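Taken together, the values in this text are just the output of simple stated rules run on the coordinates, not laboratory data. Bear in mind that the values here come from a model prediction, so they are computed numbers and not experimental data. Note that we place each Cβ from the backbone using ideal geometry, even for glycine, and neighbour counts take in every protein chain shown.
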Amino acid sequence: MTLTRQLWLAITLVTTIAVGGSLAVSLENARHYLEQELRAKNIDTAGALALSLSLLDKDPLSVELRIAAQFDTGHYRLIRLVDPEGNTLVERSRPEAAPTVPAWFVRLVPIAAPPGLAQVQAGWRQYGTLTVDSHDRYAYASLWSGAERLLTWLLGLALACGAIGTLALHRTTRPLRAMVAQARDIGERRFTTIAEPTTAEFRSVVRAMNTLSERVRKLLDEEARRLEALRRRSEHDELTGVFNRAQFLRQLDSALARDDDAAGGSLALVRVTGLDALNRRLGRGAVDDALARLAKALAACAETRGEADCGRLNASDFALLVGGGVEAAALADTLQSKLQEALGAEVGARLRLGACAYLPGEQPGSVLARADATLAAAELGVGRTLDAGPTDALLPYDSAQAWRAGLEAALDADHLELAAFPVLRDDGSLLHEEAPVRLLLEGRWRTAAQFLPWAARLDLLPAIDARVFRAALQQLEHDGNRQLAINLSAAALCDAGFRATLYEVLRHRPGPARRLWIEVQEAAALRHQVEFRSLCIALRSLGCRIGLDHGGKEFSRFAGLHELGLDYLKIDAAFVRGIDGSPGNQSFVRSLCSLSHALGLLAIAEGVSTAAERGCLLGLGADGITGPAARRTEKSPLPLS
């Protein structure tokens, strides 16, 4: 039994005793008063009537008329005159009428008033004894009416006390409810704090729990800072702060394997020519400062692009990788002016820039070779050259208008299906299945990497995400044991109407909701933290699993990460590629898994391609893997007929 219910029962019991006691005492007092009144009336009436009869002639008719007159003018049950020998001379009585009060009330509150007795004289001798007994029917009626009024007032008072008690109880137990919620949060690895209540007993408990939460939060924040420092030491160039060559190449490898709206893009290479001469002329310190400014400007360009990474390939070469189908020409135009300005005219260095486009699925070596060729041409030419990159003959359209028409037609015709790729636990059992979307365009099923970048440009991602969500629900309802993971785009995440629809649909389907895994790319969740927090709060109550996709690079930057209530983190393939031969990434992934476990998250490695990578990751603490090393035969998609 809950504490609130126990307190309510105690209040109800006390109120009932108080009301019952007040009613009983009041009834007893009223009964006693009425008894005394009836007794006094009987005595007074008997005395007055006996005196009147004593003064009369003892003519039987006169005596009878006098007694009859008295009987008819009052509420009497009996008036009797008997002679000294016990013979009845005159008697008037009234038969019992139908009761006006319940019989149980008469038995519960009996009124016992003795009759009045008086002697009637005839001169100096006794003429007879007069008995007067008033009727108690009116006394019971008066007592019953008073009891009803009293009970009404007492019940009204009890209800008022109950209302006041409810408010007081609600106010008193409010800190208790907050404490329960805080304890639940701590149990779910969300270390929240609450305001200290005014109640002394609660205040000490809340203070202790807040202290616990604060200590754990500080430990987690410290671990996050340590993790970020470790990541920067192992992955970033010490001078400029951008990715070092090894990590940038892993980022490129991961970008080429993506199958979402960030698939495809452009790679730009920037070279500072004559670096040795600059060192001799300006000094190493000045040149280092100039390179740091250049890298900072490059990183600023990456920040504005969203899905972008920058790195230092060697002493004089920098690279910028931008996903999401960004054209090489637009990227080169932006970089040319900003980087030259950042380097400064006083340095006197010349920048050469080459850029090329890439498609998902290409090999890193071929993309780098094309970018190197454009950079070499730029050194011989006007400062920058472009390579439009390979054309994907599989793409069905070559213009934005055609893409819009084709995508909208496919969505209207419901030509959409979900593939299924396994995510395996560390013991090899199935954790869930990733469900990337496929669209039927121009008679062929197209992968997400082929159409999502165009859908992002045309603002069609929320519409596609809505269809993916509906398709996932259909499959979950069709198979009661299946667990599916779908990815929400940044556009859908920022759409309040989409989030509201998602919540309402899942609220009415609790079974599928508990088997649906919803993931958002780490970069999108970081850019839109308010919307992501709103999504987590809404879906957490429905039993959905919520996680971050392509995570790790910015994981420690989330504010209040421990309060989001996430369920899992998928570690980006850039940290996984060749991890069995990368001690730096091993340290980073081990710390990332430890932090995830401290927050109650599953740590799942993406893009695991070899058995060596798998064994290394599981040894570092990963809870699951996905990628070629975990991939079974792809399941046939379930069509949306």
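For the chain, the residue among A30, H75, G264 whose Cα projects farthest onto the positive side of the dipole built from Cβ charges is A30.
Find how much the distance from W8 to V25 grows on full extension, using 0.36 nm per residue of separation minus their present alpha carbon separation; answer in nm with one decimal. Walk me through the numbers before you get to the answer.
Values: separation 17, 0.36 × 17 = 6.12 nm, distance 2.55 nm.
Length gained between W8 and V25: 3.6 nm.
Say R0 is 25 Å: what FRET efficiency, to the nearest 0.05, do K58 and S93 get from their beta-carbon distance? Given R0 = 25 Å and the Cβ-Cβ separation, E is 0.65. Here are several values of volume of the Cα convex hull per residue in Å³: (i) 263; (ii) 153; (iii) 173. Which one was derived from the coordinates shown? Computed from these coordinates, volume of the Cα convex hull per residue in Å³ corresponds to label (i).
Angle of helix 200-235 to the longest C-alpha principal axis of the chain, folded into 0 to 90 degrees and rounded to 10: 10°. In a DSSP loop and with at most 12 other Cβ atoms within 10 Å, the GluC sites (Glu not before Pro) in segment 1-100 are E85, E96. As a proxy for reagent exposure, ranking I186, I164 by other Cβ atoms within 10 Å from fewest up yields I164, I186.
Each of A290, L331, P175 was placed along the dipole of the chain (beta-carbon charges, centred on the mean Cα), and the one lying farthest toward the positive end is P175. Computed from backbone phi with θ = phi - 60° and the Karplus coefficients 6.51, -1.76 and 1.60, the 3J(HN,Hα) list for segment 308-322 is 8, 9, 10, x, 10, 7, 7, 4, 10, 10, 10, 9, 10, 10, 10 Hz; x is used for glycine and proline. What value, in deg cm²/dmol to 500, does the helix sum -39500 (n - 2.57) over DSSP H runs of n ≥ 4 give at 222 nm once divided by the residues of the chain? Result for the chain: -18000 deg cm²/dmol, rounded to the nearest 500.
Using only the Cα atoms of segment 3-159, build the gyration tensor, take square roots of its eigenvalues as a ≥ b ≥ c, and label the shape rounded, prolate or oblate: rounded if a/c is under 1.5, else prolate if a/b is larger than b/c, else oblate.
Numbers: a/c = 4.28, a/b = 3.54, b/c = 1.21.
Judged from the Cα gyration tensor, segment 3-159 comes out prolate (a/c at least 1.5, a/b above b/c).
The angle between the Cα long axis of helix 60-72 and the main principal axis of the chain comes to about 10°, on a 0 to 90 degree scale.
Against the main long axis of the alpha-carbon atoms of the chain, helix 529-540 sits at an angle near 50°. This model, with +1 at the C-beta of Lys and Arg and -1 at the C-beta of Asp and Glu, gives the chain a dipole about its Cα centre of some 1080 debye. Remark on L484: its backbone amide H falls under 5 Å from those of E433, W517, a criterion applied only to residues 5 or more positions apart or on other chains, H modelled at 1.01 Å from N.
How much of the calculated P(r) for segment 414-495 lies past 15 Å, in percent of all Cα pairs?
Working: 2014 of 3321 pairs.
Of the Cα pairs, 61 percent sit more than 15 Å apart.
In the chain, the DSSP beta bridges split such that about 65 percent are antiparallel, to the nearest 5.
Subtract the Cα-Cα distance of W153 and A69 from 0.36 nm times their separation in residues, and report this length gain in nm to one decimal. Working shown, then result.
On the way: separation 84, 0.36 × 84 = 30.24 nm, distance 4.19 nm.
Between W153 and A69, full extension yields 26.1 nm more.
Determine the dipole magnitude for segment 400-625: charges of +1 sit on the beta-carbon of Lys and Arg, -1 on that of Asp and Glu, nothing else is charged, the reference point is the Cα centre, and the result goes in debye to the nearest 20. Could the numbers behind the result be given before it?
Values: 24 positive and 27 negative charges, 41 e Å.
It comes to approximately 200 debye.
Number of Lys-Lys pairs in the chain with C-alpha atoms under 27 Å apart and a separation of 8 or more places or on different chains: 8. Dipole magnitude for segment 3-159: about 500 debye, using +1 per Lys or Arg Cβ and -1 per Asp or Glu Cβ, origin at the Cα centre.
Projecting the Cα positions of G543, A629, A139 onto the charge dipole of the chain (unit charges on Cβ atoms of Lys, Arg, Asp and Glu, taken about the Cα centre) puts A139 furthest along the positive direction.
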